[in-house]
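Below: one structure, written as structure tokens.
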Amino acid sequence: MTDALDDRIDALIRPQQVHRDVYTSPEVYRLEMKHLFPNVWVYVGHDSQTPNKGDYITAQIGDQPLLMVRHSDDQIHVLYNRCPHKGTKIVIDRAGNTGKFFRCPYHAWSFKTDGCLLAIPLKKGYEGTGLEDTEAAKGMAAVGAMHNYRGFVFARLAPEGIGFEEFFGEALSSLDNMVDRSPQGRLSVVGTPLRYLHKCNWKMLVENQTDTCHPMVAHESSAGTAVRIWEEMDKPEGTPKPPAMEIIAPFMSPYEFFENMGIRTWPNGHGHTGVHHSIHSDYSAIPGYFEAMVETYGEDRAREILGENRHNTVYFPNIMIKGPIQQLRNFIPLAADRTLVESWIFRLEGAPDELTARTAMYNRMINAPTSMVGHDDLEMYERAQEGLMADGLEWVNIQRLYEDGEDFGEEAVLNGTTERQMRNQFDAWKRFMLGGAA
Ligand code: FES
Ligand SMILES: [Fe+2]
């Protein structure tokens, strides 16, 4: 980046507020695609989506079209979805099986599933032309680096940059807990995700994941109504809440509940709500599950795993996971004011199916386009995207429980209503926009 651009990015982030341009400016968005997304580790997909050789999915990091494929040696590869001949996208389906090789639909150049060039029709036309010295001869390009962490595949587009472990550090403990909840230590994706287009900037969704002062307000009309109907229902004393009510009622918890649940932040923009307890803490036990966990881990370790009830863990820049209910939400940027939200659910291998039914119910109730809850948030984001166009004010405030001299290089555990995690995200945003972790 030029010095002038550096100065411009620098000027957008202050310790307690961020300039509206970070959400609204197409130029800032373009710079995110060029500088932020390529230099960090971004989620691509789960390896259970490609169980067999030749299975692939299409994905993207920032605005870059990618595919993830299982090669003949069983390893996962992440490649740019682009023919080295004239640029045609090699595959366009969201998922499929390509067999032993990819074949470009334009002129039938073919590639092994690790991207290497396999064959070109009428190849003699290239004899003596120096094809081997061109980019095209290298085949489909791979991303700069990839890492499969317990089934979760991440990639960094840039060939050089921060390492996987260094980028995520202790934050990986949330992924560990989600996977450890399987008696077999393995998750698998269930079905296709719920996809929901939002007319707002992707960062609004990421910030919302640790925004604990909004549920009792923004969700009052949905969750509040459900709770009131349940309370007013004629029922015998001590009637247990049905599963749907167990899911929705905690959204109406008072401020004190969210203050006490705690927020933890880690370096590089990662963090989570629900350090001490969370809205997922009081779900009723599902018969047979604890027993299956004890069989694998022993009673103490099983209790330790299930006692961890983290709420939302943000993996900067753009995913969130919910360990206790096995979900992953991917906030995929499409434009400064357009974001595609994918909400995925996982099966805990070796656990009763009822757990999968509960996570599917949660996804439908909270995250679906037809959800009772998700559209409350959507309305707030879209109102904010429109409201930020107002010229009377230029800054967005993120200073709740701000402390002088905050050091985001250190892990911290704080009152659950702090906006420190949002500040942590913007600290990482600025550093990577300006050229990396250093
Ligand atoms: S563009 Fe792919 S073979 Fe020509
Ligand atoms: Fe919400």
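Here are some notes:
- Taking the average, over residues, of other Cβ atoms within 10 Å as the packing measure, peptides 402-411, 287-296, 63-72 rank 63-72, 287-296, 402-411 from highest down.
- When cysteine pairs in the chain are screened for C-beta atoms closer than 4.7 angstrom, the residues that find no partner are CYS116, CYS200, CYS213.
- Restraint check, LYS89/LYS112; LYS138/LYS203; LYS34/LYS123, Cα-Cα greater than 26 Å: LYS138/LYS203; LYS34/LYS123
- Mean-position separation - Cα centroids, region 99-137 and region 298-340, in angstrom: 41
- Hull volume per residue, based on the alpha-carbon atoms of region 188-433 and their convex hull, is 152 Å³.
- For region 157-295, Kirkwood radius (reciprocal of mean inverse C-alpha pair distance, Å): 18.6
- Calculated [θ] (222 nm, deg cm²/dmol) that DSSP helices of n ≥ 4 give over the chain, each run adding -39,500 (n - 2.57): -7500 deg cm²/dmol
- Region 254-322: translational diffusion in µm²/s, Stokes-Einstein, Kirkwood Rh over Cα pairs, 37 °C, 0.692 mPa s: 242
- Spatially proximal lysines relative to LYS241 (Cα-Cα < 29 Å; intrachain offsets below 8 disregarded): LYS322
- Solvent-free Debye calculation, one equal scatterer per alpha-carbon of region 145-207: log10 I(q)/I(0) at 0.16, 0.19, 0.23, 0.26 Å⁻¹ equals -0.83, -1.04, -1.12, -1.10.
- Centre separation in Å (Cα based) which lies between region 223-259 and region 65-82: 46
- Comparing PRO352, PRO38, PRO242 in a Gaussian network model of the chain, where Cα atoms under 10 Å apart are tied by springs, the biggest mean-square fluctuation is seen for PRO242.
- Pairwise Cα distances in region 42-152 exceed 18 Å in 47 percent of cases.
- Restricting the calculation to alpha carbons of the chain gives Rg and Dmax of 23.2, 87 angstrom.
None of the figures in this text is laboratory data; all of them are computed from the coordinates on show. Since we're looking at a predicted model, the values are computed, not measured. Reconstructed Cβ throughout: ideal geometry from the backbone, glycine too, with neighbour counts over all protein chains shown.
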